[in-house]
Amino acid sequence: MDKLVVEGGVPLQGEVRISGSKNAALPLLASTLLANGRHCFFNAPRLRDIRTMQTLLRYMGAVSTTEEALQIDTSKIHRFEAPYQLVKTMRASVLVLGPMLARYGRARVSLPGGCAIGARPINLHLKALELMGAEIKLDHGYVVARAGRLHGASITFDQVTVTGTENIMMAACLADGVTVIKNAAREPEVVALAEYLIAMGASIAGAGTPEITIFGVEELSPASCTVIPDRIEAGTYLVAAGITGGHLRLNGCRSDHLEAVIQKLTEAGLAINCEGDTIEVSRGSRVCSVNAKTQPFPAFPTDMQAQFMALMSIGSGVSLISENIFENRFMHVLELRRMGADIELDGRTAVVRGVKRLSGAPVMATDLRASASLVLGALAAKGKTEISRIYHLDRGYESIETKLSAVGAKIDRVKE
């Protein structure tokens with residue numbers, strides 16, 4: 001198992017190329033089950049979760065190649081199952097449920113795994129599919145679903161769910177009639193999926209708004225697209241510049257996907273300039289303490305909460321950070337405390353009293369974004385920090401130690 005060793009205190013300087021979005025690429029790969037043939041995705045990130053989804057599709061009978069682009073050929077799908085052994089580490093595996101059921105009329109999908117950041121039940125997915133005519137039962141940890149042709153339905157989610165919106169939108173593309181999803185997720189990744197489905201021949205209106213309407217069609221055809229930039233990776237490097245007092249130029253970004261993050265970082269004293277697909281960020285004086293609350297897009301994202309807390313840990317005052325999406329997403333707090341952060345928890349709110357400097361310490365990553373927050377803390381800390389269990393990082397950050405080293409960070413990956 002690998003760990004990262006970081007010698008902190010170096011202001012980062014230089015340019016970073018932002019990779020394609022993991023959270024956009026995973027539903028795109030799942031959508032290939034809707035149409036037989038060769039699908040092509042440019043700018044797909046090289047991450048553990050992407051490889052897991054490729055392995056799953058290959059298990060089903062798809063052919064996967066990575067040359068100039070990631071290509072998936074679904075002409076010979078013959079298994080309609082997502083087994084536990086392949087999907088236990090990745091909750092996005094549930095995204096194959098809707099496409100399989102819509103295209104082949106049956107699916108057996110293991111209940112999903114992933115980071116241990118709280119309950120992420122898929123009951124909203126299952127209720128929606130039942131409204132569309134599916135017969136669903138749970139059998140020894142698996143969702144077993146059957147249907148003739150699904151039919152359109154009016155679906156109102158009790159709470160905003162990104163994967164639920166994506167799953168039902170994909171299923172509805174081949175359903176008979178019109179499906180309306182109310183209280184739909186508005187994330188850029190949902191819009192990116194809708195655009196690809198439309199390129200395949202789907203008829204979808206309203207993606208990016210709280211109400212999406214899908215007009216079912218008889219069949220879809222393979223297409224190609226470029227995966228959108230990873231807004232969370234970009235946000236993480238924005239914080240990296242701020243927490244080290246450095247100056248970075250991020251290339252290949254979508255600043256319109258980062259408006260809430262940029263607003264909060266600007267309030268915290270970072271100077272941020274957006275032009276085209278680049279974002280420049282720097283920090284002169286000490287970080288200002290500001291409050292933040294996580295909410296669904298377009299508000300401040302839960303996937304940036306841990307990184308923002310690391311930044312606030314060296315702020316000039318007190319900040320309140322409230323987590324309103326997941327109930328167990330403060331597991332990084334204890335590890336940041338080991339580095340000298342002054343953080344207290346009050347239910348779903350963290351009270352962060354800024355300290356002048358963090359100190360290097362041995363810490364352990366608990367989930368993907370918590371891992372990123374520890375790397376950020378280590379970059380700003382005095383002395384050496386060793387971060388173990390970094391396999392979480394490899395799920396969502398492409399070559400993070402290579403990118404950070406290129407802009408001046410003293411960071412190495414070593415065997416434990």
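For region 276-286, putting each phi into the Karplus relation 6.51 cos²θ - 1.76 cosθ + 1.60 with θ = phi - 60° gives couplings of x, 9, 10, 10, 9, 9, 8, 9, x, 7, 5 Hz, in residue order, rounded to whole numbers and with x for Gly and Pro. Among N251, N273, C288, whose Cα lies farthest out toward the positive end of the dipole of region 247-300, if unit charges sit on the beta carbon of Lys, Arg (+1) and Asp, Glu (-1)? In region 247-300, that residue is C288. For region 401-416, 3J(HN,Hα) computed residue by residue from phi via the Karplus equation (6.51, -1.76, 1.60; θ = phi - 60°) reads 6, 5, 5, 5, 4, 5, 10, x, 5, 8, 9, 9, 9, 9, 7, 6 Hz, glycine and proline entered as x.
Take every Cα pair under 8 Å whose residues are at least 6 apart in sequence, average their separation, divide by the length of region 327-416, and the relative contact order is 23 percent. Residues of region 189-229 falling in the label zone of T156, defined by backbone nitrogen less than 19 Å from a point 7 Å along Cα to beta-carbon, are 209-214.
Give the percent of DSSP beta bridges with both residues in region 322-416 that are antiparallel, rounded to the nearest 5. Antiparallel bridges: around 60 percent, rounded to the nearest 5. Within the chain, the selection of entire DSSP H helices by a Cα span of 15 Å or greater along the long axis and an average Kyte-Doolittle value of at least -1.0 returns 48-60, 162-173, 188-199, 231-244, 368-380.
Annotation for region 174-239: GluC sites (Glu not before Pro) lying in DSSP loop with at most 15 further Cβ atoms inside 10 Å of their Cβ are E218, E219.
When +1 charges are put on Lys and Arg Cβ atoms and -1 charges on Asp and Glu Cβ atoms, the dipole computed for region 319-408 relative to its Cα centre reaches about 320 debye.
Each distinct pair of alpha carbons in region 300-416 adds a 1/r term; the inverse of their mean, the Kirkwood radius, is 14.3 Å. For the chain, the alpha carbon convex hull comes to 124 Å³ per residue, rounded to a whole number. When the chain is described by a simple charge dipole with +1 on each Lys and Arg Cβ and -1 on each Asp and Glu Cβ, the residue from M169, V351, P301 located farthest towards its positive end is V351. Over the chain, Cα pairs under 8 Å with separation of 6+ residues give a relative contact order of 21 percent. Positive end of the dipole of the chain (Cβ unit charges, origin at the Cα centre): among A205, H140, Q13, the Cα lying farthest that way belongs to H140. In summary, the aspartates and glutamates within cross-link reach of K415, defined as a Cα separation below 19 angstrom excluding same-chain residues under 8 places away, comprise D2, E7, E386, D394, E398, E401.
Of the beta bridges in the chain, as assigned by DSSP with both residues counted there, near 75 percent are antiparallel.
As a calculated quantity, the FRET efficiency between D342 and Y59 at R0 = 45 Å, using C-beta atoms, amounts to about 0.40. For the listed peptides 339-352, 58-71, a ranking on the average number of other beta carbons within 10 Å per residue, highest first, reads 339-352, 58-71. P(r) tail for region 79-172, what percent of Cα pairs lie past 20 Å? The answer is 28 percent, as a whole percent. Taking the Cα centre of the chain as reference, the dipole from Cβ charges on Lys and Arg (+1) and Asp and Glu (-1) amounts to some 940 debye.
Coordinate-derived values only; no laboratory data. Worth saying up front: this structure is predicted, and the values here are computed from it rather than measured. When we count neighbours, we look across all protein chains shown, and the Cβ atoms used for this are built from the backbone with ideal geometry, even at glycine.
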